[in-house]
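Working notes, beginning with the structure itself.
The values are calculated or read from the model by the stated rules, or taken from the named source; none is laboratory data. It should be emphasised that the depicted structure is a prediction, and the values quoted were computed from it without experimental measurement. Reconstructed Cβ throughout: ideal geometry from the backbone, glycine too, with neighbour counts over all protein chains shown. Please note that ligands, DNA and RNA were not included when accessible areas were found on the heavy atoms of the full protein model with its side chains. Shrake-Rupley method; radii C 1.70, N 1.55, O 1.52, S 1.80 Å.
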Amino acid sequence: MTWEILLQILASTARMSIPLLFAAMAGIIAERSGVINIALEGFILFGAFFAALVTLSSGSPWVGLVAAMLAGSLVATLYAILVVWLRADQIVAGTAINLLAFGSTPLIGKIAFGSGGSSPAIELADRFQYEPIILGILLVVIVHLWLHRTTSGLWLQFAGEHPEALECAGVKVRRLRTIAVIVSGATAAAGGALLSIWLSSSFARGMSAGRGFMALAAVVFGRWMPIPTALACLLFGFTDALQMRLQGATLPRMTEPLPVQVIQVLPYLATIVVLAAFVGRAYAPRALGRPA
Amino acid sequence: MISGAASNSGGILRQTLLELLRALVAVAAGLLLGASLTAIAGENPLNILAILFRSAFGTPWDFGMSLFYATPLIFTGLSVAIAFRAGLFNIGAEGQLTLGALAAAVVGVTATGVAAPWSLFLAVLAAMSAGFLWGGIAGVLKATRGSHEVITTIMLNFVAAGIASFVTLEMFRNTETQNPETLPVAASFALKPLTMFEGAPTTVAFFWGIAAAGVVAFLLFKSVWGFGVRAVGQSEPAALVAGINVRRVQITAMAVAGAVAGLAGLGEVLGSAGRFRLGFSADYGFMGIAVALLARGRPFAVILAAILFGALHKGAADLDFETENVTRDLAVVLQASVIIMVCADGVWDAIRDGLRRRRSTAIRAESAG
């Protein structure tokens, strides 16, 4: 293996892991406050869709990114109403949001683009080049500092560990969780935006491809802490990069290239293995999934 | 919410009626809410619902198609319901049904010498075993490693799709067509469409679904295993104290859920298609979640919910050519909004609590004054 290939894989790893990183930080924010966020997948998809839609019409990826975050926070508000205020089962409500995303993005796409399956291509000049990598690193640092160095960050952790105590201290747990879920939705949608206006050149049906769930696995792997979680995202990004690199490649001592299907399932298998290797429950916020 | 714990006030009949009423309200509200989205596309939502209804139930053929789509949903709905009862969430019905259908097709292609009743028995066994194994993996990971089943089953869905693609394209590919599909199954495996539906591909598999609901109901409510499953689902610590092997329940519940989901593709593989087609499932696994939720994990209610969603699916298929801008994706949106309405069920409790609180403060004010 030459240096060139290695560099390529590293660059590709960085690119593949950043959207996941956004989703995983979104997962940390919601879950630390005590709300399970299965809906990440849906937020990502909505983000990818609205980023493409608005970037196409405005010509600026930044405007597209902001639009995606707005859309994400709007849908997250619905999720927050369901789980925080109506005390709906968080996994069930999250699944509903995911279904909503899967169904409504092609439906709106049909109206907006005339085709349900995908958006027209976004010009290279209108897409992000390297900026998301910087944004991603900043995000991890910000979430880390927020959780550990600010009062509201400590409140957030308490909402997930011991909501009753926080309530006694005069902080409204439900309001805090609502805000956390909305911020989480905006962050995950930003990650989704990167899929359509950075990693590829258009929106495609179901392009989130399980990333929301991978992000959750990364959160478990990172024990709900930003920096270890970010490392887990890098690991998943690496398997993704490796997967793309291996397609069509012939391994030493093999005459034929590996079947493409075997290679494509690598990131998913890696997620399962990583999840199984780390016993998650012991580190989860204690009040996770329990309505206040 | 799903366990449907009987309240101490009122009889079982009243309770059931109340739940049915709530479900109907949720469905109606969900359909209206979802359909109202089409107003953005300049359509009249009521008109859309009318198209849906007509194309789902208009003719015997339409109705047959609705039941054809309902068939896999009964199985996936039951699968999700079984897991629910054990306090687990099976998002992996999609992968389980894919591998179940694939296994049935492989048996149908290779075991050509097996005669009629035994061939079907063999196909059912193969489908159930594949699903059992696939669901069981998630169960084992949950029970022994604490891996959340929602994440593992989603990932296993992708892996199953990879396996199905490999087996179909590299091992049993039908080279006579360009379509990604396996060779056709032997004649002894084929299910004939029922004539009463005038050409719709509805087969006896629909009735297998009804029978499966009966079996699942029996297992859940009349067997020792089902007692353990429900106990774990209602309270894991309590079940543990009662001496129930929680891990075993989790593993077996996921495996059985997988086995039931594995049957979902039979109507297609042995019936209309007569082979395994890659991507034949219109997300039946995910629709099964909606079915199970609406049915609140009750096996016989699953049949009704499956017919409703099957009808939605059939009705929505016609939207593609009966309207300008609304596509069949509306079916998924409608399902989502129905689940959201089922989730918003908490509104009732909130209203009731509000009333109760107001009444109790009134009484307190009275007694104080």
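A:Gly222 meets all of the listed conditions (1) at pLDDT 85 or above; (2) surrounded by fewer than 19 Cβ atoms within 10 Å (Cβ to Cβ) but one, namely (2).
Say whether the condition of being without any contact (Cβ under 8 Å) to a residue 40 or more places away in the chain and of a type in the set (Ser, Thr, Tyr) is met by at least one residue in the range B:322-336. So far as the range B:322-336 goes, yes, one or more of its residues are without any contact (Cβ under 8 Å) to a residue 40 or more places away in the chain and of a type in the set (Ser, Thr, Tyr).
When you scan the range B:285-304, do you find a residue that is aliphatic (A, V, I, L, M), crowded, with 22+ Cβ neighbours inside 10 Å and modelled with pLDDT of 95 or more, even just one? Checking the range B:285-304: at least one residue is aliphatic (A, V, I, L, M), crowded, with 22+ Cβ neighbours inside 10 Å and modelled with pLDDT of 95 or more. Check A:Ser208 against each of (1) of a type in the set (Gly, Ala, Ser); (2) farther than 30 Å from A:Thr55 by Cβ; (3) within 14 Å of chain B (Cβ to nearest Cβ); (4) assigned to a loop (DSSP other than H, G, I, E, B) and name the one condition it does not meet. Every condition holds for A:Ser208 apart from (2). Within the range A:160-209, the residues that satisfy the criterion of being hydroxyl-bearing (Ser, Thr, Tyr) and open to solvent by less than 10 Å² (accessible area, probe 1.4 Å) are A:Ser184, A:Ser196, A:Ser208. Just to be sure before I move on: is B:Met196 among the aliphatic types (A, V, I, L, M) and open to solvent by less than 20 Å² (accessible area, probe 1.4 Å) in the structure I sent? So B:Met196 does not fit the description; no. The numbered conditions (1) among the polar types (S, T, N, Q); (2) over 27 Å from B:Gly285 (Cβ atoms); (3) in contact (Cβ under 8 Å) with a residue 60 or more places away in the chain are all true for A:Ser57 except (3).
Out of everything in the range A:51-62 that is open to solvent by less than 60 Å² (accessible area, probe 1.4 Å) and away from every other protein chain (no Cβ under 14 Å), what residue ends up being nearest to B:Asp349 (Cα to Cα)?
Pass one, the range A:51-62, residues open to solvent by less than 60 Å² (accessible area, probe 1.4 Å): A:51-55, A:58-61.
Keeping just the survivors that are away from every other protein chain (no Cβ under 14 Å) gives A:51-52, A:54-55, A:58-61.
Values: A:Ala51: 38, A:Ala52: 40, A:Val54: 40, A:Thr55: 43, A:Ser58: 45, A:Gly59: 48, A:Ser60: 46, A:Pro61: 44 Å.
Once the filter is applied, the top-ranked residue is A:Ala51.
Scanning the range A:63-108 for residues that are under 15 Å from A:Val35 (Cα atoms), within 7 Å of chain B (Cβ to nearest Cβ), open to solvent by 30 Å² or more (accessible area, probe 1.4 Å) and assigned to a helix (DSSP H, G or I) returns no hits. Scanning the range B:7-51 for residues that are acidic (Asp, Glu) and open to solvent by 80 Å² or more (accessible area, probe 1.4 Å) yields a total of 0.
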